[in-house]
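Each value in this text was obtained by applying a stated rule to the coordinates, not by laboratory testing. From a predicted model like this one, the values you see are computed outputs, not experimental measurements. Cβ placement follows ideal geometry from the backbone for every residue including glycine, while neighbour counts extend to all protein chains displayed.
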């Protein structure tokens, strides 16, 4: 009795990149920034109680006073000391939490870890957050550094000894 077994080809598993790519990190940045501006604007408008801040695009472009007021609102949003505080808390608390990611990074499937794959500490999250300013200073070249990096680290990742990895 002879049995014949046919060998089927092994299934191919598509391997994803281990480290977060530039495009994935940029999309997560856009998601985080949109959420922060939305919640901050919601808080500011909620505390204001005035409906004069709501304009249609037609009224903004046809009325110079509306454009001036819109500029004043933008200055209030971004020059207010609460926005940088909210921004700092959002990034440092969420990246050093058990989820190891902001909402944008979590949505894309990224995590922030130390060099050994463990969650980063609050001190590392602070160092990573504030060293992003150093990444911006020379024309944003600290962000482009990841193109030549083996582990796709940006300058602030090197300084904080952190990695952004895929789940």
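Here are some notes:
- For the pair residue 27 and residue 68, the difference between a 0.36 nm per residue extended length and the Cα-Cα distance amounts to 11.6 nm.
- Extension gain, residue 115 back to residue 97 (0.36 nm per residue minus Cα-Cα distance, nm): 4.8 nm
- Mean Cβ neighbour count within 10 Å, used as a protection proxy, ranking 125-134, 140-149 highest first: 125-134, 140-149
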